Amino acid sequence: MGSGSKTTAARSPNINRPVSGATHEKALPVGSHPLQLYSLGTPNGQKVTILLEELLALGVSGAEYDAWLIRIGEGDQFSSGFVEVNPQLKNSRPERPLHHPADARI
């Protein structure tokens, strides 16, 4: 590392924690489409987005989605809403909202 550069741990001190679960209360936004995509837009998040866009291009209406930014550097993935739908804390996750009918799955 060159002088003056910060380590990943120094830039993102809350990413790796010795405990699991939510650190703060915050509901996730929910849009009007059958699927909700919560992602930072990392390579894995891009894969999910590409899949959904390709399904839409093929005419799969059940692939309509709303995309929401999850800022992992700011700890959004530790909010109560994110942990509720994603207890394993994966950073990209298409989610069928709890209030949508089961037939909204693709």
*Suppose every K and R has +1 on its Cβ and every D and E has -1 on its Cβ; what is the size of the dipole of the stretch 30-97 about the Cα centre, in Debye to the nearest 20?*
180
*Relative contact order (percent, whole number), the stretch 30-97, Cα cutoff 8 Å, 6+ residue spacing*: 50
*Residues with amide H under 5 Å of Gln36's amide H, sequence separation 5 or more or different chain, H placed in the peptide plane at 1.01 Å from N; which?*
Asp66, Glu95, Arg96
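A short reminder: the numbers here are calculations on the coordinates, not readings from a lab. From a predicted model like this one, the values you see are computed outputs, not experimental measurements. Reconstructed Cβ throughout: ideal geometry from the backbone, glycine too, with neighbour counts over all protein chains shown.
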